[in-house]
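The values are calculated or read from the model by the stated rules, or taken from the named source; none is laboratory data. Just so we're clear, the structure is a prediction, and the values are computed from it rather than from any experiment. Here Cβ is always computed from backbone atoms with ideal geometry, including for glycine, and neighbour counts include all displayed protein chains. Note: areas computed on protein heavy atoms with side chains; ligands, DNA, RNA excluded. Shrake-Rupley method; radii C 1.70, N 1.55, O 1.52, S 1.80 Å.
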Amino acid sequence: MILEAKEIFKIYKGVNKELTVLDNINFQVTKGEILSIVGPSGSGKTTLLGLCAGLDNQSSGIIKLAGEPISQLTENEKAEIRNRKVGFIFQNFQLLPTLTALENVMIPMELQGRSIGARAKAIELLKRVGLGGRHDHYPSQLSGGEKQRVSLARAFSNDPEILFADEPTGNLDEESGLIVENLLFDLNREKQTTLVIVTHDLELANKTDRIIKLKGGKIVSDECIKTAANL
Amino acid sequence: MNWQLIVKTAIRDSRKDRSKLLLFMSSIILGVAALVAINSFNDNLVRDIETQSKSLLGADMTVGGNKPIPESLIASLDSLSSEQSSEVELFSMSYLPSKQKSQFVKLKGLTGKFPYYGNFLTEPTSAATSFKTGKYALVDDGMMLQYNLEVGDSIKLGEITFPIHGRLMSVFGNLDMGSSFAPSVYISGEQVSATKLIQPGSLVNYKNYYKVDMSTDLDEWKKERRQRFRNESIRVTTVEDQRENLQEAFSNLNNFLNIVALISLLLACIGVASSVLIYVNSKVQSIAILRCLGMKGAEAFMVYFLQIFVLGVLSVIVGIAIGSIIQIILPIVLKGFLPYEVNMTISSSAIIKGFFMGIISTTLFALGPLLSVRNITPLKTLRISDDPVKADPLRWLIYGLIILSISGFLYSLTGSLLNSGILTLGILAAFLILFGVAKLVTWCVRKYFPKNSSFVLRQGLSNLYRPNNQTQTLIVSIGLGTGILTLLFILQGLILGNVEDMGAGNQPNMIVFGIEADQNEEMESITKSFDMPVIQNVPVVTMELAAWQGKTKKEWMQDTTRTASRWAINREARVSYREEMSEDDELIEGTYTGVYNDGDSIMVSLDQRYADGLDVEMGDELIWNVQGAIIKTYVGSIRKINFRKMKSRFFILFPVGVLEAAPQFRILVSKSPNKQVTADFRNAVVKFMPNASVIDLGSILVTLNDIITKVSYVIKFMAGFSILIGLIVLISSLFLSKFQRIRESVLLRTLGASEKKIYRINAVEYTALGLLSALTGILLAVVGSYLLATFVFELDFNLSWWPILGIFVFIIALTVAIGLWNSRDVIKRSPLEVLRNV
């Protein structure tokens, strides 16, 4: 298993009462699987993604990412795991504004200490996502779709074992969204990465292998689409 | 740690922000420049003391007092020196026949080749020596200019009229403070007696100058004879004494200037801290992304620490360069306080001090907000918020280090742990009070927010407490400079106002002293001829205290256990006698005895301060030497004198019936209605009795104004640094918060607000900022000046509000002008800027 979540609770303590955002979440993800997590706004999708990626700590329960019980690790240990094994794609692209497209893609490799060869690989990835001639442009000089493609290139630059995508097409128009989607799945197929997508777009969700539906912080269904389709 | 990546990321990340960072570092440049300029100036000053001490004294040694040097000492001094000169100094009226005007002067009669080192600076040059060859006078250049005198004009001193042989441009070792009150006039020492200005009771200072054989250890010589000199009330000053005195005086000046520079630097550092906080807050997303991608907290911290540190070093270096240049201005600013021209060179110790102080303070103040970088969670990549970064608990360690570094710097100035501790606490208290007042003021704005007023007013005022606002920092920095300036203006006004009050109403404003007994009637007649009242006409007898409480003065001087002060013991007593106590004096103890009857003990009345100085009580015996005659008296009463009234005041009062036959002169106190009458009266007195001196309140005011203006000019110059730094902090904080303002401005415009409306909103914000800053500073200045006036200077606290109002309006106008100027670019941005940033 690349990702395991067992009896996960996330509770926020307010002034007068507690707010349970995630209520007893349990699931596992096998290596190479493409999973989508869907649900209405406020269902806890993004919170769950944050916990699984080691960006936040659960109130109780165990999460294992790439075999490591991440909630027991220090922040630096979690950062190490994210750098070596995890890729991210965000709804708001989250590119570093003061770095060029090329530098943004190179960052995960440089963080690993792999400066040699990083540039060449980054250029290759940018070409792969159709931005070969834009490597020296800053994020402010790119359109939304172009920014998300740079983000894609960055996400795959450190050859992650698992990639988390939070509403990857949420801020894009239909055409750009489709381009990004296709690139995401193509690259994922090439790299054999496990992919976890958080989305409210059912069309995108239906392109994945499995859909976990959340509502009110609970899993209401966990369905393997490909298996069902095959059946 | 991946240092290569850290450096790379630091460089890349700062690409778009270098101008922002440079701007806030400019406050550091200014603070360091002030520190280096002051220390460099001081190093040059102290270095020059070594070379200039001899020429400042003009001789190897001076010996002087208010009596001619006793014969018993002369032989000892004669054997010591190869050459000697003498000087007689007294204050007197002078009369200018060609102008028909009189002037109170400091007359110096010089005999011998003095100065042995250095020169009088005169025009023509030859007058520096030729005035001693005959009946000639050297007159202060200021007085020559004031009365439009030329070389060749006459000046009457006492009975003798002297042609003016030259202008006295400067006398080494003398400051020109107070010269407008009593400018210097030099004549040959041989001419002094002919003027007949020295009468019994005249205030005369006698000084001898000695050029000594190089092999003599003067300080050792002086040490062996110290007691003897003290017994004779003789002051001996060697070159080493002069050097020490100057070093002490300049050390005090240097400490004061350094403290002001330190405050400027601290203000700059506060600006840096607030700017770094804004900068870090603007980088939260970038830091969260880097953390998300795998950068460790410590590495992320190092990226930004490196940026700030490198720019800090660059700023300090630039500050040092600027400080080394502007040190040239300081001698010009301090001209009235320096006895010699200072040769300015680059001082390596000042540079080193400025470098370390600048680096340490910049780093420590930047560390506080930088520490929070370590704790920025990668979760912020998923949830974008405008919440400011939480403060790191380690910041208390940083605060402790800051306090230690301030104490360390002050210790290097004072050399005393206690003094540096007190000063550190004082500085901390000042800043805490400022922050406290700033916090209170912003709380009041929030609490009493005008909810029912216009949108423009509400929006402008709410910007004062928006997240990431710099309101308190700006109030402190601009408020401090405003406070210092206002305090100066207030104190200056209070001091001058209190002196002016002395002449208000029926208060006397004229004193004539040195009137001989046979001139008294004529003097009263002249006074009345000008329709001036004779408010007081009292006799003055000069005497010395010979013994008290059973011991002679000599025995007391040798007594190491005595508690009496030397000033009280050595004081040449000028005593009066009267039947009744003055209505301005307050009887503290005993009964005032106004009339002496044969057979009674002579009961004298003493001023409380004098009695305390002499350590005598009611009933103690005091024996006086009245110019050869010995009189035994007892302390009959103790009074408290009101020094604010312009009348003759006497520390010692005798009853009538004791001193009438003693050699004496008289003092007459009167009131002149206007300047013209004062001038005419003075001329008349000088013509009739040239030995008498006329002191009028107007002259005192001019001198006081002169001195206070010089002192306050220096302080205002330094306070100007504080205000300038405060304004830089204002500009930098406006610049750094530009993106937030752009977003707001564009959103408002998208929702329908015109450019004009947005300008008005900004104008409300900056007016409020300027108003709160000025108000804070003025409030503290008023409280501070009240405390100083009441408990330190003992002045009547009557404020003149016009200068305060002027400062208030000026600060607000300046803040608004700078704020609106900065806003131009923000308001002109297109809405697309906002969309691209989302």
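Per-structure values
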{"item": "Estimated 222 nm signal from helices in chain A, with DSSP H stretches of n ≥ 4 weighted -39500 (n - 2.57), rounded to 500", "result": "-11000 deg cm²/dmol"}
{"item": "Solvent-accessible surface (1.4 angstrom probe) belonging to residue B:758, in square angstrom, nearest 10", "result": "10"}
{"item": "Ordering of B:658-665, B:276-283 by packing [mean C-beta count within 10 Å, highest first]", "result": "B:276-283, B:658-665"}
{"item": "Heavy-atom accessible area order for A:33, B:50, largest first, 1.4 Å probe", "result": "B:50, A:33"}
{"item": "DSSP beta bridges in the protein assembly as shown [antiparallel fraction, %, rounded to 5]", "result": "75"}
{"item": "Dipole of the range A:3-224, positive direction: furthest Cα of A:111, A:221, A:15, with charges on the beta-carbon", "result": "A:111"}
{"item": "Partner lysines for residue B:196 [C-alpha distance under 20 Å; skip if fewer than 8 residues away on the same chain]", "result": "B:67, B:106, B:108, B:132, B:135, B:156, B:207, B:687"}
{"item": "For A:83-91, mean number of other protein chain Cβ atoms within 10 Å", "result": "3"}
{"item": "Mean Cα-pair separation over length for the range B:339-496, i.e. relative contact order, pairs under 8 Å, 6 or more apart, %", "result": "17"}
{"item": "Helix axis angle, B:471-502 relative to chain B longest principal axis, alpha carbon, degrees", "result": "20"}
{"item": "Reciprocal mean inverse distance between Cα atoms of chain B - Kirkwood radius, Å", "result": "31.9"}
{"item": "Residue-averaged beta-carbon neighbours from other chains (10 angstrom radius) around A:108-120", "result": "2"}
{"item": "The range B:360-470: translational diffusion in µm²/s, Stokes-Einstein, Kirkwood Rh over Cα pairs, 10 °C, 1.306 mPa s", "result": "91"}
{"item": "Protection proxy ranking of B:118-124, A:217-223 - average other beta-carbon atoms within 10 Å, highest first", "result": "B:118-124, A:217-223"}
{"item": "Whole-percent carbon and sulfur share, accessible surface of chain B, 1.4 Å", "result": "59"}
{"item": "Within the range A:3-224: Cβ-based charge dipole about Cα centre, in debye rounded to nearest 20 (Lys, Arg +1; Asp, Glu -1)", "result": "320"}
{"item": "Charge dipole (debye, nearest 20) of the protein assembly as shown; +1 at Cβ of Lys and Arg, -1 at Cβ of Asp and Glu", "result": "4520"}
{"item": "Student exercise, chain B dipole from Lys, Arg, Asp, Glu Cβ charges, in Debye to nearest 20", "result": "5640"}
{"item": "Spherically averaged projected area of the protein assembly as shown from its Cα convex hull (nm²)", "result": "56.9"}
{"item": "Peptide A:157-164, shielding by other chains (average Cβ, 10 Å cutoff)", "result": "1"}
{"item": "Within the range A:3-224, percent of DSSP bridges classed antiparallel, to nearest 5", "result": "55"}
{"item": "Exposure of residue A:202 as accessible area (Å², to 10), given a probe of 1.4 Å and all protein chains", "result": "100"}
{"item": "Mean separation of Cα contacts under 8 Å, 6 or more apart, over the residue count of chain B: relative contact order %", "result": "18"}
{"item": "Contact surface B-A: accessible area buried, both sides summed, square angstrom, 1.4 angstrom probe", "result": "2900"}
{"item": "Cα-based helix-to-principal-axis angle, B:697-736 vs chain B, degrees rounded to 10", "result": "10"}
{"item": "Two-decimal log10 I(q)/I(0) for chain A, as the Debye equation yields it once each C-alpha is a single scatterer, q = 0.08 Å⁻¹", "result": "-0.29"}
{"item": "Sequence ranges A:22-30, B:489-497, ranked by mean other-Cβ count within 10 angstrom, highest first", "result": "B:489-497, A:22-30"}
{"item": "Set of lysines near residue B:632 by C-alpha distance (under 19 Å), chain-local residues within fewer than 8 positions excluded", "result": "B:551, B:553, B:554"}
{"item": "Charge dipole (the protein assembly as shown, unit charges on Cβ, about Cα centre) - positive-most of B:33, B:255, B:822", "result": "B:822"}
{"item": "Lys/Arg +1, Asp/Glu -1 at C-beta; the protein assembly as shown dipole; positive extreme among B:194, B:355, B:676", "result": "B:355"}
{"item": "Reach of residue B:296 by Cα under 24 Å, taken over lysines that are not fewer than 8 positions away in the same chain", "result": "A:64, A:78, A:85, A:121, B:8, B:16, B:283, B:380, B:390"}
{"item": "Between 0 and 90°, nearest 10: helix B:417-447 axis offset from chain B longest Cα axis", "result": "50"}
{"item": "Rounded accessible area per residue of the range A:3-224, 1.4 Å, Å²", "result": "42"}
{"item": "Estimated 222 nm signal from helices in chain B, with DSSP H stretches of n ≥ 4 weighted -39500 (n - 2.57), rounded to 500", "result": "-18000 deg cm²/dmol"}
{"item": "Chain A - percent relative contact order, Cα under 8 Å, separation 6 or more", "result": "28"}
